[in-house]
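J.: Pasting in a structure now, in structure tokens, and then I'll have a few things to ask.
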Amino acid sequence: MALQNKYLADLLETVKKRNQGEPEFIQAVTEVFTSLEPVAEKRPDLIEAGVFERIVEPERQIIFRVPWVDDNGVQRVNRGFRIEFNSAIGPYKGGIRLHPSVYLGIIKFLGFEQIFKNSLTTLPMGGGKGGSDFDPKGKSDGEVMRFCQSFMTELCRHIGPNTDVPAGDIGTGAREIGYMFGQYKRLRNEFTGVLTGKGLTFGGSLARTEATGYGVCYFTNEMLKANGKSFEGQRVVISGSGNVAIYATQKATELGAKVVTMSDSNGFIYDENGIDLAAVKQIKEVERKRIKEYLNYHPEATYTEGCSKIWNTPCDIALPCATQNEINEESAKALAANGCYCVSEGANMPSTPEAIDVYFANNMLYGPAKAANAGGVAVSGLEMSQNSERLSWTFEDVDGRLKKIMVEIFKSCDEAAKEYGLEGNYMAGANIAGFLKVAEAMKAQGCV
Ligand code: NDP
Ligand code: 2IT
């Protein structure tokens, strides 16, 4: 639907002209602007202060060469990115994605989303994102290490515990963060909390590994409760089999649901008895193999080549936890037709705009990514606090704080939606609540 507000409509045209060839970034801005139309009407002061124009322009964009040598002695080169999008409410904060599909438009959409997500956590973190088109799949440990060291050799001059604090995302887990942290320490001669998601022996936080997946379930649970439902006895479809998917599966199961699917970029498994997470962890976390290996553990399960048909699986609740735009209009219609009444996003921007229209047209509950998956970065914020005081908190303490933060995020989305006459539209609520805090801070700081 075209924007009604003339100021935002014109600004969106400028954004499109200025960021050509970056459809994911335009998609993210369009969604946020659509939600912000009532804010633009109510707050002309924010327009006068130039907040909308500035918030879509990254404060700094860094693109660099990442040279490394593979195990055969062959010279390789990748492209590295760090987008320092907005520092109005704290140091830039956001993950590093290592995937062959990475280009400027992907990192910009992720950095833009991160501004609002980090604001929703209530913690003092600005928005940023980084990454590279390096593909860790099929690389040896030595190759991954040399890549990470080279990546950090350039990145280290742009980041710091009070400037910009990267973390994990697709393709970047504890192993990669460890190599990057070691190289930063060596180059700067400083042991600081410059990255989050670190190993537990060198400043990492308990519950950071679990945080995003658990957080998705805590948020979803609040949304279900507010609508007279719960996870108990529900059939859940989860996509992905990485960090977010694994811990979402664990928590949903603990909350009484039965998770029947998981996937990777090759295909998906379906297990009517409920996913055996120990088998998935062995395949994915220990052996780094493909999800179809699950059939070696459970021959009664099925494996389907390709990802899109996963959404044809009948379920009550869907938690997309793989990647952007994994649910299109057709998949959303299949979910609705099979009785799914709730979609809550572990991945960033997993639903296309057309899919979101289908959710609303069918009165489904929709938990948008920037609210539902904010648990990961929230615990990253708690890791920063622990590093600052040079202490580490217990698992129960961190998990308890995470739960409280997710409950509060749901409340902010719910209340903002109600305040703007959009009750039950948690997407609008998340965008409005996330935006307002950052916008006030930008205005107060002279909109620099
Ligand atoms: P991982 O690398 O641990 O796992 C990613 C999973 O998604 C893998 O199963 C992977 O399969 C699958 N996947 C990746 N790309 C594609 C693709 N193009 N098509 C189909 N499947 C794909 O990453 P995370 O679990 O950390 O991240 C998953 C999502 O959650 C991302 O959108 C990320 O931005 C988001 N997120 C992550 C947070 C975190 O703390 N880690 C926090 C908030 C959001 P394969 O192995 O075959 O590539
Ligand atoms: O998308 C995300 O929020 C993340 N990948 C986590 C970022 C972080 O800084 O922990």
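The values are calculated or read from the model by the stated rules, or taken from the named source; none is laboratory data. Owing to the predicted nature of the structure, the values given are computational and were not obtained by experimental measurement. No Cβ is skipped: glycine too gets one built from the backbone with ideal geometry, and neighbour counts run over all protein chains shown. All accessible areas refer to the heavy atoms of the entire protein, side chains included, with ligands and DNA or RNA removed. Shrake-Rupley method; radii C 1.70, N 1.55, O 1.52, S 1.80 Å.
J.: Let me know the shape class of the chain, please: from the alpha-carbon gyration tensor, a ≥ b ≥ c as square roots of the eigenvalues, rounded when a/c is under 1.5, otherwise prolate if a/b is greater than b/c, or oblate.
T.: Taking the square roots of the gyration eigenvalues as a ≥ b ≥ c, the chain is rounded.
J.: At 222 nm, what value in deg cm²/dmol follows for the chain if DSSP H runs of at least 4 each add -39500 (n - 2.57) and the sum is divided by all its residues, to the nearest 500?
T.: Computed mean residue ellipticity for the chain: -15000 deg cm²/dmol.
J.: May I ask you to list the residues of region 219-248 whose amide nitrogen lies under 12 Å from a point 7 Å from Cα along the Cα→beta-carbon direction of Thr302?
T.: The answer is none.
J.: For Ala2 and Lys185, compute 0.36 nm times the residue count separating them, minus their Cα-Cα distance, and round to one decimal in nm.
T.: Full-extension gain reported as 61.0 nm.
J.: Where the accessible area of region 388-427 is counted over protein heavy atoms with a 1.4 Å probe, how much of it, in %, is carbon and sulfur?
T.: Solvent-exposed carbon and sulfur of region 388-427 make up 47 percent of the total.
J.: If R0 is 22 Å, what FRET efficiency do you get for Glu53 and Gln20 from their C-beta distance, rounded to 0.05? Intermediate values should be presented prior to the final figure.
T.: Details: r = 18 Å, r/R0 = 0.81.
Computed FRET efficiency for Glu53 and Gln20 comes out at 0.80.
J.: Rounded to the nearest 0.05, what FRET efficiency is calculated for Asp276 and Asn312 with R0 set to 30 Å and r the Cβ-Cβ distance?
T.: That pair, Asp276 with Asn312, gives E of 0.85.
J.: To continue, here is another question. Among the lysines, which have Cα under 21 Å from the Cα of Lys292 when same-chain residues fewer than 8 positions away are ignored?
T.: Hits, sequence-local ones excluded: Lys137, Lys139, Lys258, Lys281, Lys284, Lys309.
J.: According to the square roots a ≥ b ≥ c of the eigenvalues of the Cα gyration tensor, what is the shape class of region 267-398, taking rounded for a/c under 1.5, prolate for a/b larger than b/c otherwise, and oblate for the remainder?
T.: Oblate is the answer for region 267-398, as a/c is 1.5 or above yet b/c matches or exceeds a/b.
J.: I've got another one for you. Can you tell me the length gained on complete extension of the stretch Gln445 to Thr201, counting 0.36 nm per residue apart and subtracting the Cα distance?
T.: Full-extension gain reported as 84.0 nm.
J.: Accessible area per residue, 1.4 Å probe, Å², for the chain: what's the number? Don't skip to the answer; put the middle values down first.
T.: Values: 17720 Å² over 448 residues.
Per-residue accessible area for the chain comes out at 40 Å².
J.: With a ≥ b ≥ c taken as the square roots of the eigenvalues of the C-alpha gyration tensor of region 338-448, please select rounded if a/c is under 1.5 and otherwise prolate if a/b is larger than b/c or oblate if it is not?
T.: Oblate.
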